[in-house]
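Here is the structure we will look at.
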Amino acid sequence: MGTRGSTRTRNHNPGLAGGGAGGGGRYHRPPVPNLRPPKGTDDVLPPESRTWRQVLRAWDDWSERFGYELVMTPLFEATDLFERGVGESTEVVRKQMYTFEDRGGRSVTLRPEGTASVVRAYLNAGIQGEWKGAYSGPMFRYERPQGGRRRQFWQTGVEHLGTERPTADAEVIELGYRFLVDLGVPGVEVQINSLGDAVDRPAYVAELTAYLEARRDQLCADSIETMAVNPLRVLDCKTCAPILGDAPTPDQHLGTEAAEAYEEVKARLAAADVPFVEAPRLVRGLDYYTRTAFEYVGGELDIAQVALGGGGRYDGLAEEIGGRRVPGVGLAMGIDRIIVALGEAIPAAALDGFVVTVAGRNAESAGLVSQLRRAGLRVDAADPERSVKSQFKAADRSGAPTTIVVGDEWDEGLVRTKRMADGTETDIEIQELAAWLS
C-alpha cells in the first residue's frame, strides 16, 4: 500500500493519534463509559433479588386470593391524564413527573402512580359494573433519592371499581394488611381516616384555610404555594407538622352518608380481625381521594420511609380524567420500602437442589435435571466437565440446601444427596428424589 493510502487509513481510525509507526504515534483507548445506573435507580442482583422475587410472588398470591386479576398498562401516558387525575396541586405533578415531548410532538409522562392508568384502561375498554384488577411494575418520580425512596421505584396495587360499598374499602385494606403480615414486616400498623364527600368539603376547607392564613408567616414556602390550590395538602407537609397540631381535621366535618360509610368500614375491619388506629390528619398525597383514606405504617422504619403503602376511595376520579362516573377504591404498596422494612431477613433459597456430576455420567445427570424441573422443582447444575470439587464449590455458591451427586450409585437406582447445612449424606432412590426434595 502507498504512503498516501496508509496515512488516510490512520487518520480515519479514532483509536489512533499522531503519525505512523515511525512517527511516534500512540493508540488512545476510547473513554470508559459510565456503567453506573442513573441516580435514583438501582440494579437488583442476587442474592437481594431473591427477596424481591419472594415479595412479588407473595403479592401475586394474596391479590389472587382476594379475586383481583392482573392488569398491565403502559409505562407512559398522555401527560394530561396525570395532571387531571393525580391533581395539579400535588407535589407529584408540580415537581416530580418525568414529562417529555415525543417525536410526534405529544407531551407524555412516565407513570408516577398506577391508579389513573388503571381507571383509564377500565373506561377505554368499555367495562361496566363492578370490577377488580391488580397491577405491579415500575413507577417514576423525580425526587431526592434515599433509603426506600427512589426515582424509579416498584409499586404493586389493586383497584376495586364500580362500587360504592364500604365493604370494598374494608376488603382492600385487609388485603394490604394480610400481605405485609405474611411477609413478616415488623411493626405493621393500619391508619385510617375519612376525608368526607365533595359536599362536605367547602365548610371544612373554609375553616382550614382561615386556620392556615392565621399562621401564614410560620408556613414553609411549599405550603404557602399549596394552600392557594388545595389547603388539605398542607396537612401532609412534614416541615409544617409541628405548627399544625391543632388544625381542624376532615373527620370533624363529615356529612351523614360519609360518616355512616366510615363507621361501616371500621366495623368490617374489626369483624375481619384487622387492627387499625384512626388518624384524623391523614389526607394522603394525591388529590383524587374522597371518604376513606388509609396507610400502612412500619413502626420500626426511619420516619422518611415510614409509610409502606396506602390508598383510599376516589369516586370522582373517572370523571376528572374525562370519563363517566365510576366509583372506586384501591391501594398501592411501595415494594422498595417493604424490602427496607424486611431488613436483614434471610430470603428463601433460590433453588431446591443442585446437581453435581461424576465423570462419565453426563447423560444421566442431564436427564435427572430435566426430570426434576418438570416435577416443579428449582434445580441447577454446574458444567459436568469441571472437577467434582469445582462443582461442589458452585453448589455452595448457589445457596441450594441440597446437593445431588450423580455417580456410580446410579447403576443401583440411587443418587447421593448432601445437606449443605450440616454435611449429612443420604442415598435416595431416583424415583423418590422429587418427592424427597419437596
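We did not get these values from a lab; they are worked out from the coordinates using the rules stated. All values reported here derive from a predicted model rather than from experimental measurement. When we count neighbours, we look across all protein chains shown, and the Cβ atoms used for this are built from the backbone with ideal geometry, even at glycine.
Pop out the Kirkwood hydrodynamic radius of segment 353-437 from its pairwise C-alpha distances, inverse of mean 1/r, in Å to one decimal. Don't skip to the end; give the middle numbers.
Values: mean 1/r = 0.0798 Å⁻¹.
Value: 12.5 Å, from the Cα pair sum.
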Less than 22 Å apart at the alpha-carbon level, and either on another chain or at least 8 residues along: which lysines does that give for Lys389? Lys418
Which lysines, if any, have their Cα less than 22 Å from the Cα of Lys132, not counting same-chain residues under 8 positions apart? Lys266
Taking r as the C-beta separation of Leu45 and Glu412 and R0 as 35 Å, the FRET efficiency to the nearest 0.05 is 0.30
Within segment 353-437: Cβ-based charge dipole about Cα centre, in debye rounded to nearest 20 (Lys, Arg +1; Asp, Glu -1): 480 debye
From phi via Karplus (6.51, -1.76, 1.60), per-residue ³J(HN,Hα) for segment 91-108 in Hz, x at Gly/Pro: 5, 4, 6, 6, 10, 10, 6, 8, 10, 8, 9, 7, 5, x, x, 8, 7, 10
Can you give the net charge of the other residues whose Cβ lies under 14 Å from the Cβ of Arg120, counting K and R as +1 and D and E as -1? -4
Out of Cys220, Pro145, Pro202, whose Cα points farthest toward the positive end of the dipole of segment 126-242 (charges: +1 Lys, Arg; -1 Asp, Glu; placed on Cβ)? Pro145
Expected sort for Ile335, Ile428, Ile127 with the fewest Cβ neighbours (10 Å cutoff) up front is Ile127, Ile428, Ile335
Positive-pole candidate from Asn362, Gly255, Ile404, dipole of the chain, charges at beta carbon: Asn362
Structure-derived Rg and Dmax of the Cα atoms in Å: which label, when the choices are [x] 23.7, 76; [y] 29.1, 96; [z] 24.5, 93: [y]
Selection from Ile321, Thr290, Ser63 lying farthest towards where the dipole of the chain points positive, charges on Cβ: Ile321
Taking amide hydrogens as modeled 1.01 Å from N in the peptide plane, which residues meet the under 5 Å criterion relative to Met97, leaving out close sequence neighbours? Tyr142
Can you give me the Kirkwood hydrodynamic radius for segment 248-377, using every pair of distinct Cα atoms, in Å to one decimal? 19.5 Å
Restricting to Cα pairs under 8 Å and 6 or more apart, the percent relative contact order of segment 166-325 works out to 36 percent
Can you sort Asp80, Asp43, Asp380, Asp217 so the residue with the fewest Cβ neighbours within 10 Å comes first? Asp217, Asp43, Asp80, Asp380
Gaussian network model of the chain, springs between alpha carbon atoms under 10 Å - residue of Gly129, Gly255, Gly87 with greatest fluctuation: Gly129
Taking Cα atoms only, helix 48-65 is inclined relative to the longest principal axis of the chain by an angle, in degrees rounded to 10, of 50 degrees
Tell me, His160, His253 in order of fewest to most beta-carbon neighbours within 10 Å? His253, His160
Using alpha-carbon coordinates, inclination of helix 362-374 to the longest axis of the chain, degrees: 20 degrees
On a 0 to 90° scale, report how tilted helix 115-124 is relative to the longest principal axis of the chain, with both axes built from alpha carbons and the result rounded to the nearest 10. 90 degrees
Residue-wise HN-Hα coupling along segment 345-354, computed from phi with Karplus coefficients 6.51, -1.76, 1.60 (Hz; x: Gly, Pro): 4, 6, x, 4, 4, 6, 10, 8, x, 10
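Please report, in debye to the nearest 20, how large the charge dipole of the chain is about its Cα centre when each Lys and Arg carries +1 at its beta carbon and each Asp and Glu carries -1 there.
In debye, rounded to 20, the chain gives about 2680.
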